[in-house]
Amino acid sequence: MTKQLFPKDILPDNINALAAYSSAKSQKLTGSTWLNANESPYSKTFELSLSDLNRYPDPQPQNVIDAYAQYAGLTAEQVLMTRGADEGIELLVRTYCKSGEDSIALFLPTYGMYKVTADSHNVAINALTQELLLEGSVEQIITAVGNSKLVFICNPNNPTGSLTTLNKISAIAKALENKALVVVDEAYIEFCPQQTATTLLQDFINIVILRTLSKAFALAGLRTGFMLTNPSVLAPIRKVIAPYPVSRVVAQIAEQALQSDAITQMRRQVTILNRAKAILLQWLEASPAVNQVLNGQGNFVTAQLKDKANIDKAMKSGLIMRPFTLYGQDNWLRISIGNEQELEQVKLWLETLGSEL
Ligand SMILES: *Cc1c(COP(=O)(O)O)cnc(C)c1O
C-alpha cells in the first residue's frame, strides 16, 4: 500500500481534535484477571437457529421488545432496542442536538462516552460536577444546565457509584419540561433495582432511560441496550436509527436472556455480586495502602491508593483493574466485582502492599 498520508485538513476541526476513547478493551493489555470493564464473571450458553440469515432481520424484534417491556414494567411503544446503551447515547445526540450550536450537560466525574459522542458530533459540553448534582439545589442545577438540550444523569454513577434521588431527577425534569431531555443512564440499575426512574415515565415526557444487557445480564459481548421513554420522544429517533441495527443472532440471544428463568438467574447473580462487593469494600477499607474508598452502588468499587505505583504493580502481575484520574489525582482505581477467585487475586495484591508499609 502507498506510504502517502491522507491530508488531515480535509477533516472537520472537531474530528481532527478528537482523542480516541480509550475503552477498557482497546488498550491491548495482557493479563490473567480482568476486573477493568465492569463485566459480569458469569457466562452463559444459548441456542441459535441460523437458517434465515439470507433475510434481513426485524428492525425491532417484537419478542425482545415485549420481553424487555414486561421486565421494565412498561409498554412496547416505550421501548427501543439499540446496539448497546452506547448507541442510545449516540442516537440521542444525533437526533436532538444541532451540530455546532447545542450543548449537552454532564456531571463529572462520569461515564466517558457522553463527551466522546458529543465531541464527534460537534456538540458542546456543559461540564458540571457530581458535587453540584448531589449537593446543589434544583435551582442551582437548572441555572447551570442553562440551554443544554440533553442532561445526562448516570444513576448509579460510573465510576463513583453515587445515586441521585428520584425526587431530584423528577424536579429537574419538571423544570426542563419543554426545554430539554433528562437522560438517566441506568447501566447498573439491576444492582439497586428499587432506584429505577421507570415509574417517572408516567408523569414526565422528557425523561429518557438507558439500559444495557452488558452488566448485570452478563452479555457485554452481545452489544444490546434499550432506550425507555415516551413514544413521542422515540418517534424522531426511530427515523435516525440504522434500518437493521439488531442482527437475527443478537435478537435470538436477547430473547432467551429475557425469559423469566434467566431474569431470576440474573437477580441471583446480582445478590452474590453485591455480597462480594461488601467484602471487597472491607478489604480496601482495612488496607494501609488505600487512602479512601467510594462506597456506592454498581458492580464496582472505586478507591484512591496512597501510591499510584501499586496500580502498575498489579497490572504487571496480570491483575487488570481500571486506573482513573479523578478530582485531578491519578491514583484512583476502579475494581469490577468478579468471581471469588478473581477477587482473591485482589486480596493477595492488597496483602503484598500491606506488608511493605
Ligand atoms: C457500560 C456502560 C454503558 C455501555 O453499555 P453498552 O450497552 O455496553 O454500550 C453505558 N453507560 C454506562 C454508565 C456504562 O457504565
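The values are calculated or read from the model by the stated rules, or taken from the named source; none is laboratory data. All figures in this text were calculated on a predicted structure; none of them were measured in a lab. Neighbour counts are summed over all protein chains in view; Cβ atoms, including those assigned to glycine, are modelled from backbone coordinates with ideal geometry.
Within the stretch 68-92, the set of residues being β-branched (V, I, T) and within 16 Å of the ligand (Cβ to nearest atom) comprises V79, T82, I89. What helices (runs of 4 or more DSSP H), lying completely within the stretch 245-357, carry at least 2 residues that are more than 30 Å from R223 (Cβ to Cβ)? Where helices (runs of 4 or more DSSP H) fall fully within the stretch 245-357 and carry at least 2 residues being more than 30 Å from R223 (Cβ to Cβ), they are 260-286, 309-316, 340-356.
Being among the hydroxyl-bearing types (S, T, Y) and farther than 19 Å from S162 by Cα is the filter here; which residues of the stretch 283-329 pass it? Listed by number, the residues that qualify are S287, S317.
For the stretch 226-238, filtered to residues that are in contact (Cβ under 8 Å) with a residue 12 or more places away in the chain and surrounded by fewer than 22 Cβ atoms within 10 Å (Cβ to Cβ), the residue that is farthest from the ligand (Cβ to nearest atom) is S232. Given the criterion polar (S, T, N, Q) and closer than 24 Å to N274 by Cα, identify the matching residue among T45, T82, T75. Result of the check over T45, T82, T75: T45.
What do you reckon, is I104 surrounded by 13 or more Cβ atoms within 10 Å (Cβ to Cβ) and closer than 24 Å to A218 by Cβ? Here the answer is no, as I104 does not meet what is asked.
So which residues in the stretch 77-115 are in a strand (DSSP E or B) and among the polar types (S, T, N, Q)? Selection gives T82, S103. Annotation note: of Y114, Y96, the sole residue that is surrounded by 18 or more Cβ atoms within 10 Å (Cβ to Cβ), aromatic (F, W, Y), within 22 Å of T198 (Cβ to Cβ) and within 12 Å of the ligand (Cβ to nearest atom) is Y114. Residue pairs whose Cβ atoms lie under 7 Å apart, separated by 6 or more positions or on different chains, with the first residue in the stretch 171-194 and in contact (Cβ under 8 Å) with a residue 40 or more places away in the chain and the second assigned to a helix (DSSP H, G or I) and polar (S, T, N, Q), are F191/N274. A residue that is of a type in the set (V, I, T), surrounded by fewer than 18 Cβ atoms within 10 Å (Cβ to Cβ) and not in a helix (DSSP H, G or I) occurs somewhere in the stretch 57-76. Kindly indicate whether any position in the stretch 43-56 is in contact with a strand residue (DSSP E or B) (Cβ under 9 Å, 6 or more places away or on another chain), of a type outside the set (A, V, I, L, M, F, W, C) and either at pLDDT below 95 or surrounded by 18 or more Cβ atoms within 10 Å (Cβ to Cβ) (or both). Looking through the stretch 43-56, none of the residues is in contact with a strand residue (DSSP E or B) (Cβ under 9 Å, 6 or more places away or on another chain), of a type outside the set (A, V, I, L, M, F, W, C) and either at pLDDT below 95 or surrounded by 18 or more Cβ atoms within 10 Å (Cβ to Cβ) (or both).
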